[in-house]
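Some notes on the structure that comes next.
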Amino acid sequence: MYCTKDHNICFILCLWQVTNMLKTVFYFQCILFVQTGLFSVTTQQCISRDYGNGGTVCVCNATYCEFLPKIQPVDKARYLIYTSNKAGLRFEKSEGSFLPEQTTSKTKKFYVYTKEYQEIHGFGGAFTDSTGININSLNEGAKENLMRSYFGEDGIEYTLARVPIGLSDFGLRDYSYAESEDPSLKNFKLAPEDFQYKIPLILKANELAGHPIRLIGSAWSPPIWMKIIPKYVTLFGTLKSEMYQPWANYHLKFLEEYKKNNITFWGITTGNQPTIGYITFNIPGLAMGPVQLGRWISQNLGPTLRKSEFSDIKVITLDDQRIFLPLWLVDMLLFNPGAKQYIDGIGVHWYLDSISPTLDLDLTHIFYPDKFILGTEGCRGNIPFEPDVSLGSWQRAEDYVKDIMENLQHWVTGWIDWNMALDLVGGPSKYNSNADSPIIVNKTAGEFYKQPTYYAMGHFSKFVPPGSKFIEISQYELSKTTVAFRRPDGGIAILIANTKDYDIDVAIIDRNKNRGQINIHLTRHSLSSIVYW
Ligand SMILES: *[C@@H]1O[C@H](CO)[C@@H](O)[C@H](O)[C@H]1NC(C)=O
Ligand SMILES: *[C@@H]1O[C@H](CO)[C@@H](O)[C@H](O)[C@H]1NC(C)=O
Ligand SMILES: *[C@@H]1O[C@H](CO)[C@@H](O)[C@H](O)[C@H]1NC(C)=O
């Protein structure tokens, strides 16, 4: 370098030289990162948007969406915390080391114990016609990002999904798989909706997950010729007595047809909301009382399925509001004790939980300890006077969390959300059932919005895999919004929601593992998943 006379020039030249060197090093590192895959799309950040509803959504399109890599165990001395909150954090990761237990500090302490309760089946959503219509309205890239968001290894890893057997109130038309009257069901065939909106997406979900999603089929209504009043939507639209066996065969045929398309079901419910036809609303249904339903299960559905190639399928009854428990089951089994052997589980819906004491669930578990209880449907935005869709609402995420946690604290083994994707007005729904969904699709923009409820579901589904056991954790003030699990890989997952308007400092002490103490600062209106091994 020519630096003898003018020191200023020398300095500038020097700086220029050094900058160039740094640039070279930087570029070289960039190339290295790209080649080693360290710069992957999974590091993308949430593009947040505020619609003024008390929280934010994350915007995804064909080329951009944020993902969360699969959770990998860390060293035994360390723990991971993932936090989402009203202020906009989404699965924000931090890592720390256990500290020595501080017996004198005044921080609120959680104690984790070893006692195990129910085993978890998983979390998921539903493949309704409306879900398929909205997902298909996106181009290939955006569709891929949406499906990956739910089922991919770097998505929230849903493991359960409910599939309406034919029509539901979330679709564009009424239909059945046997339109002309024929109790032998010779003309049974799947509908165009199955081939457009359900089968391809289910196969895609299985492919992204790398294993089959556990599917649960639920029928809303039989073909109208099987009903006493031949309409999809009607008060007292119950089954003709000579149609009990054909209605069971109809379910079997459905399973067979899906199997021909490489899709096998894990479970089947005994019908969506059997009470709906008695207290009619304006949606398709089949009115079945507990005694009638018990007769159908014990004499028709049960034997038909157990004799078939699907003999292992989980039969889930009720599939309705938990307020009917435990009397529904007591009634059903008193008059049809034979139904008991065919029933594996009990499905409960969210909608009346605010007026249903949790004692309903506890008594059901005490009376029938060998039958699992599973949340089979829930959503927000379906109550009169509240908006159908509320983009970005953190309140709705907290509603989800509170209900899921309350259920898990009372023997429930998992929770299935309703529609996985709806449009900007919460549809389409022929029956104006419009509601909210964790993913809202804006077809004209080619975008979709991940709502706070998507992250609420993810804080469970991503961290609490099937086979996890519910375990005891104690903390007085936050007890309603805290749950803990022992994962199948030996790790402990703890979920804590702070639904208050102020931040809270807490400490976690695991009495079993005895590693010391985890100190956490819980920001106001936040949800954290804490994991250690
Ligand atoms: C997709 O989103 C990214 C990130 O917001 C943006 O840069 C890009 O322009 C969007 N693409 C389209 C086609 O809108
Ligand atoms: C089912 O899977 C088999 C084997 O992978 C494949 O050959 C066949 O095309 C699939 N059938 C359908 C309907 O997807
Ligand atoms: C949906 O996309 C259209 C077209 O880009 C845009 O005008 C509209 O504001 C978007 N709606 C919402 C709710 O973001």
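Overview of values
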read-out: Long-range neighbours under 6 Å by Cβ, at least six apart or interchain, first residue touching a residue at least 24 places away in the same chain (Cβ under 8 Å) within segment 46-67, second of a type in the set (Val, Ile, Thr) and part of a loop (DSSP other than H, G, I, E, B); value: 48/56; 50/56; 59/47
read-out: Hits in segment 336-393 (condition: of a type in the set (S, T, N, Q), closer than 19 Å to residue 273 by Cβ and in contact (Cβ under 8 Å) with a residue 40 or more places away in the chain); value: 364, 376, 382
read-out: Residue satisfying condition, being under 29 Å from residue 135 (Cβ atoms), of a type outside the set (S, T, N, Q) and within 16 Å of ligand 3 (Cβ to nearest atom), within set 435, 445; value: 445
read-out: Complete set of residues in segment 356-383 that are part of a loop (DSSP other than H, G, I, E, B) and either within 16 Å of ligand 2 (Cβ to nearest atom) or farther than 20 Å from residue 424 by Cβ (or both); value: 356, 357, 358, 368, 369, 370, 371, 378
read-out: Matching residues in segment 510-533 - criterion: being assigned to a loop (DSSP other than H, G, I, E, B) and either closer than 25 Å to residue 89 by Cβ or without any contact (Cβ under 8 Å) to a residue 12 or more places away in the chain (or both); value: 514, 523, 524, 525, 533
read-out: Of residues in segment 58-75 being touching a Leu at 6+ places or on another chain (Cβ under 9 Å) and over 23 Å from residue 465 (Cα atoms), the one nearest to ligand 1 (Cβ to nearest atom); value: 61
read-out: Only listed residue being under 17 Å from the mean Cα position of the chain (by Cα) and either farther than 14 Å from residue 156 by Cβ or basic (Lys, Arg) (or both), chosen from 434, 407, 498; value: 407
read-out: Out of 113, 2, 27, sole residue that is loosely packed, with under 14 Cβ neighbours inside 10 Å, part of a strand (DSSP E or B) and at pLDDT below 95; value: 113
read-out: Residue check for residue 176: in contact with a Ser or Thr (Cβ under 9 Å, 6 or more places away or on another chain) and at pLDDT 95 or above; value: yes
read-out: Meets criteria (part of a loop (DSSP other than H, G, I, E, B) and in contact with a strand residue (DSSP E or B) (Cβ under 8 Å, 6 or more places away or on another chain)) for residue 222; value: yes
read-out: Test for residue 282: is it within 26 Å of residue 233 (Cα to Cα) and buried (at least 21 other Cβ atoms within 10 Å of the Cβ); value: no
read-out: Residue within segment 117-125 that is touching a Gly at 6+ places or on another chain (Cβ under 8 Å), polar (S, T, N, Q) and in contact (Cβ under 8 Å) with a residue 40 or more places away in the chain present; value: no
read-out: Every residue from segment 235-266 that is over 22 Å from residue 295 (Cα atoms) and not aliphatic (A, V, I, L, M); value: 256, 257, 258, 259, 260, 261, 262, 264, 265, 266
read-out: Conditions (1) crowded, with 22+ Cβ neighbours inside 10 Å; (2) more than 30 Å from residue 479 (Cβ to Cβ): number failed by residue 157; value: (2)
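A quick yes/no check of all residues on (1) among the basic types (Lys, Arg); (2) part of a loop (DSSP other than H, G, I, E, B); (3) at pLDDT 95 or above; (4) within 30 Å of residue 404 (Cβ to Cβ):
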| position | (1), (2), (3), (4) |
| --- | --- |
| 258 | no, no, yes, yes |
| 279 | no, yes, no, yes |
| 301 | no, no, yes, yes |
| 310 | no, yes, yes, yes |
| 316 | no, no, yes, yes |
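The values are calculated or read from the model by the stated rules, or taken from the named source; none is laboratory data. Small disclaimer: the values here were computed from a predicted structure and weren't measured. Positions of Cβ are generated from backbone atoms using ideal geometry, with glycine treated the same way; all protein chains shown enter the neighbour counts.
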